[in-house]
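The values are calculated or read from the model by the stated rules, or taken from the named source; none is laboratory data. What you see is a predicted model; the values in this text were computed from it and never measured. Every residue, glycine among them, receives a Cβ derived from its backbone with ideal geometry; neighbour counts consider all protein chains shown.
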């Protein structure tokens, strides 16, 4: 109970801090901060359109953010969410192309499954390379991001290009294959439900299962893991597979829920921006729901901002960078009791 | 212009950044923020170059901004001892957002960040900054291996506790290394924008900082090797331009090649014992 109150207070403090940073950002660029924050707020929550936009943007952030949570809790710095998101979309588009219009009703779920598999396999490969060959996932997953983006660019100009071969996009999915929409007026789709269920699933996995406990031990204290005969390598590869699967699912959900096709710019850095989402969620799956909603709102609101002010989506990474630094600075400053000695014993 | 010179030019931003990152990693600090630091330097070089009309002021501004941002990151990773990957990621986001916003604000006012003054050429295609590259790489290699300071710095990356008991300050050594890392990143970012194209575009580093981090491992934490690795990647970048439209292979294959080669080399190089022992680990003095 005490912990819940503490978490709640921490959440409120973070929320206040986030708004303050946003305020200061506008002031720093010589824009009217009240107008700016108000525009963002109304753009994100002002009407049904805004709320739908916020939740639609929050969906990939939550799914990929959960992916980051699982990997980082196991001590694997998966920075490849971006590439895994793109591969998720590619996996979905490939199965759609392969089936070529057969069984449209079954296509939706198959797209999601393929997205998960594509993301999971490449992340597991990166983990395996670290465990077996000593290639740090921090480095390998970053390189894989660029490879995934180039691969998509190539596929859009080659094997996956639309039938008329005019535009650099895939064919648009038939309506029956798309995820359910909640209304005709808005883009809000079933993906948000999938993301919320995933958050609960990750929470159960991390905190209520033996595998989750092992994962957290491996991440928190590798020597304790060794002492307890936990197979750290296998746990880390599994964590990366789940992480990549969630990031791939994010891409597949956006493909089958929102865009219906792949095009250049399919990902707007979702996989990358998911890292601060997870960090601001204190690497906790439930808290990440709130953090994803906040950043989803910031994204939705800043789209509205672009119509009236010269600045738009670029404030999102700026705010994220400042907020993450402020947050880790504060947390570390508060907990300076625990000494961490340099090299591993 | 002979291709060799072009390759050297393509390689230079990477080589500067990889050399700086080598120094930083030798002291035990993994600087994931390199990409963002280079990006900020690229922006600063062109905007100040345009404002003052002097390419030298542009390069100086690039270096100053890069050192400042490096040290901000160092304040978190070295003094506060926060997680190095987290702080570096935050710095990347910050620089991406800051330069993107400044660029958008400038564009709204009708300013364009191109046509900045060019660095003077000493020989055809060779400007002083490019010439500085091998000299600085040599200095870094010599400083790391042959000087007492280099020894202390390397020890801070291997056995920080031993360095402390020998009377050095790990914090100070790592901050100096992080500052040098910034200096090199500033040269790299500034050269990429002001030196090569005299212009800035949004997110123009496009992953070069990350590739430079990979090159440090690739170069086995040796400045000369890192330079060699950068030349290889620079050659691939040149090949990509040279092969445009002349090869049956898709252009994306050539664009992807530098990343692919970096990854493959890391896999082949395998588990190295060359990495500094305390790389990526924060150091806090026992109380």
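Condition check ((1) in a loop (DSSP other than H, G, I, E, B); (2) closer than 21 Å to residue B:188 by Cα; (3) more than 14 Å from chain A (Cβ to nearest Cβ); (4) modelled with pLDDT under 95) across all residues:
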position: B:57; (1), (2), (3), (4): no, yes, yes, no
position: B:60; (1), (2), (3), (4): no, yes, yes, no
position: B:65; (1), (2), (3), (4): no, yes, yes, no
position: B:70; (1), (2), (3), (4): no, yes, no, no
position: B:73; (1), (2), (3), (4): no, yes, no, no
position: B:77; (1), (2), (3), (4): no, no, no, yes
position: B:81; (1), (2), (3), (4): yes, no, no, yes
position: B:86; (1), (2), (3), (4): no, no, no, yes
position: B:91; (1), (2), (3), (4): no, yes, no, no
Failed condition for residue A:178, given (1) surrounded by fewer than 21 Cβ atoms within 10 Å (Cβ to Cβ); (2) within 26 Å of residue A:94 (Cα to Cα): (1)
Complete set of residues in region B:263-287 that are facing another protein chain (nearest Cβ under 7 Å) and modelled with pLDDT under 75: B:270, B:271, B:272, B:284, B:286, B:287
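Within region A:46-64, is even one residue closer than 20 Å to residue A:196 by Cβ, over 22 Å from the mean Cα position of the chain (by Cα) and part of a helix (DSSP H, G or I)? Please lay out each step first, then the result.
Of all residues in region A:46-64, those closer than 20 Å to residue A:196 by Cβ come to A:48, A:50-64.
Still in the list and also over 22 Å from the mean Cα position of the chain (by Cα): A:48.
This time we only want the ones that are part of a helix (DSSP H, G or I), so: A:48.
The answer is yes, given that some residue of region A:46-64 is closer than 20 Å to residue A:196 by Cβ, over 22 Å from the mean Cα position of the chain (by Cα) and part of a helix (DSSP H, G or I).
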Residue within region B:94-103 that is within 7 Å of another protein chain (Cβ to nearest Cβ), surrounded by fewer than 18 Cβ atoms within 10 Å (Cβ to Cβ) and farther than 20 Å from residue B:24 by Cβ present: no
Residue among B:137, B:216 that is in contact with a helix residue (DSSP H, G or I) (Cβ under 6 Å, 6 or more places away or on another chain), closer than 30 Å to residue B:52 by Cα and part of a helix (DSSP H, G or I): B:137
Qualifying residue in region A:200-219 (condition: in contact with a strand residue (DSSP E or B) (Cβ under 6 Å, 6 or more places away or on another chain), surrounded by fewer than 20 Cβ atoms within 10 Å (Cβ to Cβ), in contact (Cβ under 8 Å) with a residue 60 or more places away in the chain and not in a loop (DSSP other than H, G, I, E, B)): no
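Can you pull out the residues in region A:146-161 that are over 16 Å from residue A:85 (Cβ atoms) and outside any loop (DSSP other than H, G, I, E, B)?
Once the filter is applied, which keeps residues that are over 16 Å from residue A:85 (Cβ atoms) and outside any loop (DSSP other than H, G, I, E, B), region A:146-161 yields A:154, A:157.
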Count of region A:148-175 residues which are surrounded by fewer than 20 Cβ atoms within 10 Å (Cβ to Cβ) and at negative phi: 18
Lone qualifier among B:215, B:187 - being within 17 Å of the chain's Cα centre (by Cα), crowded, with 21+ Cβ neighbours inside 10 Å and either within 14 Å of chain A (Cβ to nearest Cβ) or within 20 Å of residue A:138 (Cα to Cα) (or both): B:215
Failed item in (1) surrounded by 22 or more Cβ atoms within 10 Å (Cβ to Cβ); (2) within 10 Å of another protein chain (Cβ to nearest Cβ), with residue A:91 passing the rest: (2)
Residues of region A:162-171 satisfying the condition of being under 27 Å from the mean Cα position of the chain (by Cα), in a loop (DSSP other than H, G, I, E, B) and more than 22 Å from residue B:257 (Cβ to Cβ): A:170, A:171
Region B:155-181 residues that are in a loop (DSSP other than H, G, I, E, B), paired with ones that are modelled with pLDDT of 90 or more (beta carbon under 7 Å, 6 or more apart): B:168/B:152
Tally of residues being more than 26 Å from residue A:293 (Cα to Cα) and within 18 Å of the chain's Cα centre (by Cα) across region A:189-236: 0
Residue that is nearest to the other protein chains (Cβ to nearest Cβ), among those in region B:105-134 that are within 25 Å of residue B:52 (Cα to Cα), touching a residue at least 12 places away in the same chain (Cβ under 8 Å) and outside any loop (DSSP other than H, G, I, E, B): B:106
Sole residue being farther than 30 Å from residue B:72 by Cβ, more than 10 Å from every other protein chain (Cβ to nearest Cβ) and at pLDDT below 90, chosen from B:231, B:236: B:236
Selected residue (criterion: surrounded by the most Cβ atoms within 10 Å (Cβ to Cβ)) from residues of region B:229-259 that are without any contact (Cβ under 8 Å) to a residue 12 or more places away in the chain and closer than 25 Å to residue A:137 by Cβ: B:256
Residue A:131 facing chain B (nearest Cβ under 9 Å) and either closer than 26 Å to residue B:89 by Cβ or modelled with pLDDT of 90 or more (or both): no
Residue in region A:227-236 that is outside any helix (DSSP H, G or I), touching a helix residue (DSSP H, G or I) at 6+ places or on another chain (Cβ under 8 Å), within 14 Å of another protein chain (Cβ to nearest Cβ) and loosely packed, with under 13 Cβ neighbours inside 10 Å present: no
Only one of A:260, A:251 that is more than 14 Å from chain B (Cβ to nearest Cβ), under 19 Å from residue A:126 (Cβ atoms) and touching a residue at least 40 places away in the same chain (Cβ under 8 Å): A:251
Which numbered condition residue A:101 fails, given (1) outside any loop (DSSP other than H, G, I, E, B); (2) touching a residue at least 40 places away in the same chain (Cβ under 8 Å); (3) farther than 19 Å from residue A:138 by Cβ: (1)
Exclusive hit being in contact with a helix residue (DSSP H, G or I) (Cβ under 7 Å, 6 or more places away or on another chain), farther than 17 Å from residue B:206 by Cα and not in a helix (DSSP H, G or I), set B:49, B:28, B:24: B:28
Verdict on residue B:196 being farther than 25 Å from residue A:157 by Cβ and either more than 8 Å from every other protein chain (Cβ to nearest Cβ) or assigned to a helix (DSSP H, G or I) (or both): yes
Test: residue in region A:137-145 that is modelled with pLDDT under 95, in a helix (DSSP H, G or I) and surrounded by fewer than 21 Cβ atoms within 10 Å (Cβ to Cβ): no
Selection status of residue B:145, surrounded by fewer than 19 Cβ atoms within 10 Å (Cβ to Cβ) and without any contact (Cβ under 8 Å) to a residue 60 or more places away in the chain: yes
